[in-house]
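To start, the structure itself, in structure tokens.
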Amino acid sequence: MPENKENKSLVRQLLIVAAGSFAFGVFLLPPMYDVFCEITGFGGRTNAEAATVEENPDLSREIRIEFVTTVNSYAQFEFAADTDSMTVNPGKMYYATFTAKNLSAEDKVAQAVPSVAPTTAAEHFTKIECFCFTSQEFLADEERAMPLQFIVDPDLPDYVDTITLQYTFFDTAPVAANFEN
Amino acid sequence: MNTDVSNAHDEHHDADHDDHGPDKGIGRWLFSTNHKDIGTMYLIFSLTMFFIGGAMAMVIRSELAIPGLQFVHPEFFNQMTTMHALIMVFGAVMPAFVGLANWMIPLMIGAPDMALPRMNNWSFWILPVAFGILLSTLFMPGGSPAGGWTMYPPLVLQTGDAFPFLIFSVHLMGISSIMGAINIIVTVINMRAPDMSLLKMPMFVWTWLITAYLLIAVMPVLAGAVTMLLTDQFFGTSFFLAAGGGDPVMFQHIFWFFGHPEVYIMILPAFGVVSEIIPTFARKKLFGHDSMVYAASCIAFLSFIVWAHHMFTVGMPLTGQLFFMFATMLIAVPTGVKIFNWVATMWRGSMTFETPMLFSLAFVFLFTIGGFSGLMLAVAPADVQYHDTYFVVAHFHYVLVPGSVFAIMAGAYYWLPKWTGHMYNETVGKLHFWSSTIFVNLTFFPMHFLGLAGMPRRIPDYSTQFSDFNTIASIGAIGFGLSQLIFVWVILTAKQGPKATDRVWEGSHGLEWTVPSPAPYHTFETPPQARIANEAFE
């Protein structure tokens, strides 16, 4: 069979398409997904933009903030919010604390991963300061309180009267290492 | 028969005398670059995998025949569901269609062989290696992958020693499919008979061309997704690990971006096979050939923008749910065009009901049932109830078993006389058809009721209220499994029937019926005139 030029150039084009779709899957989809989540609040991403404290907070409106905490099954920690819920006015700054304890006899690095529900509220919930912004180092058996500072944006849609802020507490050691324990 | 065609045959016979035949011994198969040999190997491989995956289905249905745990441990049950899916999707259905493509596309378009015969050899021989690796995980510490064929993290990362083997076997299957797809595209684009324009191509060739494009577009995305799983597990990345800032839901989006086109990869060639068979036995031309081409292209395009309907329950914005719901329902339109055209082809035709036609008719009817349950699942608010229940299992088995598998069976019976030169035993073929059709419905129809009543999928035990329908489904499954042994008997005795004519069927059309039966080792060494061949059959 003649190995003709047409075949070779078509094969080359098709290989480029295949390589392109691999690159699309690995290098383009994950960043696109991140951008999508930031725009829509999908996956419970909270607003990363700087928020301003309103001079005249909306005192007539009360929003209930609920805190939910989960510890990943591989993390040997205790982790809970110091209050289960609080009532806030949009535009005012609030503080809350969470307490975590390392239950193992080794030093650990933990990471809290936040999620906000409903997703329509996510972009109106701004954290000024949060222990989830960085990973948290714990000495063996150490217990400590960790701060959260947040504002609810007055633009929050009318139909939202409750916002749930959920944290999952992870041990940052690789899953494989955890699995072997 | 027209004399032009008989002359053409004589020339072929002459050419065969000059040319070497196949090599002797195992070398013929190991080093084969012949599209017919490679097609045969694909089909035999696929049938083997069909029985291995089928044996796993028997384990699943035996365990589920009555409530309680009787035969296997739940861990092993999960390995069976996972492996059954991987083997049936990548080992049975996809290679069967590639095998039919290898055998029939060069014959249908008047090409002497596939465009890239040595790559063809590679793309086949990678498959036994890939499935050898996958099946070897059954004997590894921790057993086979058991987190479901969708490989969702973080669960799949808890797979034992089998994990890297799972990833590499998926990589190999992907490489094989991509090479096969490239080969088919190059063959169809560059090697058609001189007077065969794209829109004159037979429907089977058309649907395979579209499928091949889908394959090279999405198989690399799956390869990318599983590579990210691999690096998350072994190289410290956090694509899908929440602790490191990743998101496991992203895997589901990437997986189904591959997975939804994948379901059309498994059904479009089936549409092609059925579109060849129904006109033959209705003795009419295919109604609306061009609209079939456009419908298949529409389905392929839409398949890229509906993936999130597999994951309504993971949560997404309302606009997202609406978009994916309506886009999914839109697919019913081009699919409806196809069903309409098949029915219109049969309308006032002089129909006869040989085995390939019976399988095709069952395909049209039963695939439509699977399509309707798909529409029910597309309704986002209703899907919250149906998600991960046996209703989903009933849906995708209806489109895959009496859908894809019946089309493959139909194609095998239809072209078997061309491959072997002998008619198969029609009585036994019909027995195979009727027992398959009765038992496939007995197996999967009750699953609709089980799912609507709330029985979850991928569970080895269930509440006693589900026991009657499960027992019926298990009886059906054993019956369906045994019915396939009849097919093996048909294949083993395929050469004992009476000699087949070149045209084989009274109403067949197309270049593949102008070559002798059995098709000689080398065909169409000089390009044929497609128009003349077709006029010979008028």
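The values are calculated or read from the model by the stated rules, or taken from the named source; none is laboratory data. The structure presented is a predicted model; accordingly, all values stated were derived computationally and were not measured. Reconstructed Cβ throughout: ideal geometry from the backbone, glycine too, with neighbour counts over all protein chains shown.
Some points to look at:
- Enumeration of residues in the range B:470-528 that are of a type in the set (D, E, K, R) and either within 25 Å of the chain's Cα centre (by Cα) or not in a helix (DSSP H, G or I) (or both): B:K499, B:D502, B:R503, B:E506, B:E512, B:E525
- Taking the listed residues A:N72, A:N47, the one that is at pLDDT below 90 and at the interface with chain B (Cβ under 9 Å from one of its Cβ atoms) is A:N72, with no other qualifying.
- Any hit, the range B:345-357, residues being at pLDDT 95 or above and more than 30 Å from B:P279 (Cβ to Cβ): no
- Flag if B:V274 is within 25 Å of the chain's Cα centre (by Cα), surrounded by 24 or more Cβ atoms within 10 Å (Cβ to Cβ), touching a residue at least 12 places away in the same chain (Cβ under 8 Å) and away from every other protein chain (no Cβ under 14 Å): yes
- Candidates B:M351, B:M316: the one that is part of a loop (DSSP other than H, G, I, E, B), more than 19 Å from B:P261 (Cα to Cα), within 14 Å of chain A (Cβ to nearest Cβ) and more than 25 Å from the chain's Cα centre (by Cα) is B:M316.
- Residue match in the range B:277-290 (condition: closer than 26 Å to B:T328 by Cβ, away from every other protein chain (no Cβ under 14 Å) and in a helix (DSSP H, G or I)): yes
- Take the conditions (1) more than 26 Å from B:T48 (Cα to Cα); (2) in contact with an Asp or Glu (Cβ under 8 Å, 6 or more places away or on another chain); B:N470 misses just one of them, which is (2).
- Residues located in the range B:380-401, provided they are among the β-branched types (V, I, T) and either at pLDDT below 95 or touching a strand residue (DSSP E or B) at 6+ places or on another chain (Cβ under 8 Å) (or both): B:V384, B:T389
- Any hit, the range A:130-144, residues being within 17 Å of the chain's Cα centre (by Cα) and part of a strand (DSSP E or B): yes
- Among the numbered conditions (1) over 30 Å from B:W513 (Cα atoms); (2) outside any helix (DSSP H, G or I), the only one that B:R61 does not meet is (2).
- Filtered residues of the range B:280-301 (kept if aromatic (F, W, Y) and either farther than 14 Å from B:K338 by Cα or within 23 Å of the chain's Cα centre (by Cα) (or both)): B:F281, B:Y294, B:F301
- Within the range A:86-116, tally of residues that are assigned to a strand (DSSP E or B), surrounded by 16 or more Cβ atoms within 10 Å (Cβ to Cβ) and not hydrophobic (A, V, I, L, M, F, W, C): 5
- Some residue of the range B:234-249 being assigned to a helix (DSSP H, G or I), over 21 Å from A:V113 (Cα atoms) and within 11 Å of another protein chain (Cβ to nearest Cβ): yes
- The residues in the range B:140-196 that are part of a loop (DSSP other than H, G, I, E, B), within 11 Å of chain A (Cβ to nearest Cβ) and under 30 Å from B:E75 (Cβ atoms) can be counted, and the count is 5.
- Some residue of the range B:408-423 being over 25 Å from B:N102 (Cα atoms) and in a loop (DSSP other than H, G, I, E, B): no
- Of all residues making up the range B:139-159, the number that are within 19 Å of B:H84 (Cβ to Cβ) and either surrounded by fewer than 19 Cβ atoms within 10 Å (Cβ to Cβ) or among the aromatic types (F, W, Y) (or both): 8
- Positions within the range B:376-407 being assigned to a helix (DSSP H, G or I) and among the acidic types (D, E), in sequence order: B:D383
- Candidate set: the range A:27-41, residues that are hydrophobic (A, V, I, L, M, F, W, C) and either surrounded by fewer than 19 Cβ atoms within 10 Å (Cβ to Cβ) or outside any helix (DSSP H, G or I) (or both); chosen: the one farthest from the other protein chains (Cβ to nearest Cβ): A:V35
- When the range B:209-249 is limited to residues that are aromatic (F, W, Y) and farther than 21 Å from B:P269 by Cα, the one that is surrounded by the most Cβ atoms within 10 Å (Cβ to Cβ) turns out to be B:F240.
- Count - residues of the range B:203-233 that are over 17 Å from B:V98 (Cα atoms) and either more than 7 Å from chain A (Cβ to nearest Cβ) or polar (S, T, N, Q) (or both): 8
- B:V263 being away from chain A (no Cβ under 12 Å), crowded, with 24+ Cβ neighbours inside 10 Å and in a helix (DSSP H, G or I): no
- B:L302 being farther than 25 Å from B:T227 by Cβ, crowded, with 19+ Cβ neighbours inside 10 Å and not aromatic (F, W, Y): yes
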